[in-house]
Amino acid sequence: MIYSIDVRIEAPVNDTEVTDRVADAVRNVFPEADLEFRDRRLIAETHTLDPFSDVLHDQEILDTARRVFFETADEDGFEFAIKKQPAFEGVVTFAVGAPDELGDIAVSVTVREPDVESFIDHVAPRTEDGVPIDPDV
């Protein structure tokens with residue numbers, strides 16, 4: 001699928017945390033992101049969610065991801081947050097409810113091409129009995 005997106009990733013870096021460990025957490029699930037540290041925050045940008053989608057597939061959490069994405073989706077994109085500690089291990093755990101004591105990794109996705117729903121279908125396709133459904137079949 002050809003798509004055009006901007007992904008902004010932000011994570012607080014607290015005094016009790018090592019900046020490189022927070023950066024590693026982001027890189028482990030968003031390996032193509034360009035990172036910078038500014039004002040006690042790690043800010044990253046990327047233009048792909050393909051590696052992130054691979055993790056969702058590997059962990060078999062596509063239905064959960066779709067639900068989380070569509071909760072905030074509008075015509076411009078969607079947002080979500082994931083936990084830092086699991087991300088450090090390369091695992092996606094969506095943050096729900098109150099933020100973690102040390103803060104979560106916040107992700108904002110702006111979709112220019114195609115429409116938001118089609119892009120979500122690409123990143124986290126519909127499933128049947130936990131198996132992704134090929135929309136072209």
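The values are calculated or read from the model by the stated rules, or taken from the named source; none is laboratory data. Quick caveat, the model's predicted, so the values are computed rather than measured. Cβ sites come from the backbone with ideal geometry, for glycine too, and all protein chains shown count toward neighbours. Just so you know, the surface numbers come from the protein's heavy atoms only, side chains and all, with ligands and any DNA or RNA stripped out. Shrake-Rupley method; radii C 1.70, N 1.55, O 1.52, S 1.80 Å.
Packing here is the average count of other Cβ atoms within 10 Å per residue, and on that basis the peptides 45-57, 12-24, highest first, run 45-57, 12-24.
Highest first, please rank the peptides 77-87, 58-68 by the mean number of other Cβ atoms sitting within 10 Å of their residues. Don't skip to the end; give the middle numbers.
Details: 77-87: 19.9, 58-68: 16.4.
Highest mean packing first, the order is 77-87, 58-68.
Treat every Asp and Glu Cβ in segment 63-137 as -1 and every Lys and Arg Cβ as +1, leave all other atoms uncharged, and give the resulting dipole magnitude about the Cα centre to the nearest 20 debye.
Working: 6 positive and 18 negative charges, 66 e Å.
I would put it at about 320 debye.
Think of it as helices only: each DSSP H run of n ≥ 4 in the chain is worth -39500 (n - 2.57), and spread over all residues that comes to -9500 deg cm²/dmol at 222 nm.
Round to the nearest 0.05 the FRET efficiency obtained for Val91 and Tyr3 when R0 = 22 Å and r is the Cβ-Cβ distance. My answer for the efficiency is 0.30. Each Lys and Arg adds +1 at its Cβ and each Asp and Glu adds -1 at its Cβ; summed about the Cα centre, the chain shows a dipole of about 440 debye. The residue among Gly97, Thr127, Pro114 whose Cα reaches farthest toward the positive pole of the charge dipole of segment 90-137, with charges on the beta-carbon of Lys, Arg, Asp and Glu, is Gly97. The three principal axes of the Cα atoms in the chain give end-to-end lengths of 51, 30, 25 Å, sorted in falling order. On a per residue basis, the chain carries 57 Å² of accessible surface, using protein heavy atoms and a 1.4 Å probe.
Based on the alpha-carbon gyration tensor of segment 28-80 and its eigenvalue square roots a ≥ b ≥ c, which shape applies: rounded if a/c is under 1.5, prolate if not and a/b is larger than b/c, or oblate?
Details: a/c = 2.24, a/b = 1.40, b/c = 1.60.
The shape class here is oblate.
Heavy-atom surface analysis with a 1.4 Å probe gives segment 1-134 a carbon and sulfur content of 46 percent of its accessible area.
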